[in-house]
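Chemist: Here it is, the structure, as structure tokens.
The values are calculated or read from the model by the stated rules, or taken from the named source; none is laboratory data. Not measured: the values here are computed from a predicted model. Because the Cβ atoms are built from the backbone with ideal geometry, glycine has one as well, and the counts that use them run over all protein chains shown.
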Amino acid sequence: MAFVINPIMKKIQKISSGTKWEEEVGYSRAVKVDDRIEVAGTTAIDEDGSLIGKDDPYEQTDYIIKKAEKALIELGACLQDVIRTRIYTTDISRWEAIGKAHGEFFKEIKPVTTMVEVSNLISAEILVEIEFSAIV
């Protein structure tokens, strides 16, 4: 059987935000392939492993977007390059607080977005997790 190798080499960059889970689980905070960037599901856990915004979905969302923005900048992008967000929350009844924080960053950018309720995230204190897709 012959294998066809794509003659176009893709440039891949991977970055870490330094959380212990990235190393333990084996994933990158963000990966850039050519002009596309995918930011992993991001929560409001800081570099020291502490939760930002306990019981505050607005504060968690605000921190998450700022954390993702750092990853985007490191890969040569910015929030204006975001084309999609996927928001997971453990309590959809608090969607307005999450939406308010999201809107403060994306009101003019207007990426496509999805917000869904999930039964659990990795820790009961984490109320929000967001994934980001961008094209530069």
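Chemist: Of everything in segment 82-136, what is among the acidic types (Asp, Glu) and within 18 Å of Lys70 (Cα to Cα)? Give them in sequence order. Even if it seems obvious, please write down each step before you answer.
Modeler: If we filter segment 82-136 for residues that are among the acidic types (Asp, Glu), which is where we start, we get 91, 96, 104, 108, 117, 125, 129, 131.
Selection gives Glu104, Glu129, Glu131.
Chemist: Here is a follow-up. Condition check: surrounded by 18 or more Cβ atoms within 10 Å (Cβ to Cβ) and of a type in the set (Ser, Thr, Tyr). Does Thr89 satisfy that?
Modeler: Values: surrounded by 18 or more Cβ atoms within 10 Å (Cβ to Cβ): yes; of a type in the set (Ser, Thr, Tyr): yes.
For Thr89, the condition - surrounded by 18 or more Cβ atoms within 10 Å (Cβ to Cβ) and of a type in the set (Ser, Thr, Tyr) - is met.
Chemist: Within segment 45-88, take every residue that is among the polar types (S, T, N, Q) and closer than 21 Å to Asp35 by Cα and give me the one that is nearest to the chain's Cα centre (by Cα). Outline the logic, then answer.
Modeler: Of the residues in segment 45-88, the ones among the polar types (S, T, N, Q) are 50, 60-61, 80, 85.
Right, trim to closer than 21 Å to Asp35 by Cα and you get 80, 85.
On the way: Gln80: 14, Thr85: 8 Å.
Residue satisfying both the conditions and the ranking: Thr85.
Chemist: Which number in (1) assigned to a helix (DSSP H, G or I); (2) crowded, with 17+ Cβ neighbours inside 10 Å marks the one condition that Glu96 misses?
Modeler: Just one mismatch for Glu96, condition (2).
Chemist: Going through segment 12-69 one residue at a time, which ones are part of a strand (DSSP E or B), touching a residue at least 24 places away in the same chain (Cβ under 8 Å) and of a type in the set (Lys, Arg)?
Modeler: Within segment 12-69, Lys32, Arg36 meet the criteria.
Chemist: Still on this structure, I have one more. Would you point out the residue of segment 99-110, among those that are in contact with a helix residue (DSSP H, G or I) (Cβ under 9 Å, 6 or more places away or on another chain) and closer than 30 Å to Ile12 by Cβ, that is surrounded by the fewest Cβ atoms within 10 Å (Cβ to Cβ)? Can you show your working first?
Modeler: Filtering segment 99-110 down to residues in contact with a helix residue (DSSP H, G or I) (Cβ under 9 Å, 6 or more places away or on another chain) leaves 99-102, 104-106, 108-109.
Still in the list and also closer than 30 Å to Ile12 by Cβ: 102, 105-106, 109.
On the way: His102: 23, Phe105: 18, Phe106: 17, Ile109: 13.
Out of the qualifying residues, it is Ile109.
Chemist: Filter segment 48-86 for residues that are under 14 Å from Arg29 (Cβ atoms) and of a type in the set (A, V, I, L, M); which is surrounded by the fewest Cβ atoms within 10 Å (Cβ to Cβ)?
Modeler: My answer is Ile73.
Chemist: Now for a different question. When you scan segment 70-85, how many residues do you find that are under 14 Å from Thr42 (Cα atoms) and part of a helix (DSSP H, G or I)?
Modeler: The total comes to 3.
Chemist: How about segment 34-61: which of its residues are touching a strand residue (DSSP E or B) at 6+ places or on another chain (Cβ under 8 Å) and at pLDDT below 95?
Modeler: Here is the first cut: in segment 34-61, the residues touching a strand residue (DSSP E or B) at 6+ places or on another chain (Cβ under 8 Å) are 35-45, 51-52, 57, 60-61.
Answer for segment 34-61, where residues must be touching a strand residue (DSSP E or B) at 6+ places or on another chain (Cβ under 8 Å) and at pLDDT below 95: just Ile45.
Chemist: Yes or no: Tyr88 assigned to a helix (DSSP H, G or I) and in contact with an Asp or Glu (Cβ under 9 Å, 6 or more places away or on another chain)?
Modeler: On the way: assigned to a helix (DSSP H, G or I): no; in contact with an Asp or Glu (Cβ under 9 Å, 6 or more places away or on another chain): yes.
So Tyr88 fails the test.
Chemist: Of these, Ile87, Ile83, Ile37, which one is aliphatic (A, V, I, L, M) and under 21 Å from Leu127 (Cβ atoms)?
Modeler: Ile87
Chemist: Among (1) over 23 Å from Tyr88 (Cα atoms); (2) at pLDDT 95 or above; (3) not hydrophobic (A, V, I, L, M, F, W, C), which single condition is Lys10 missing?
Modeler: It fails just one condition, (2).
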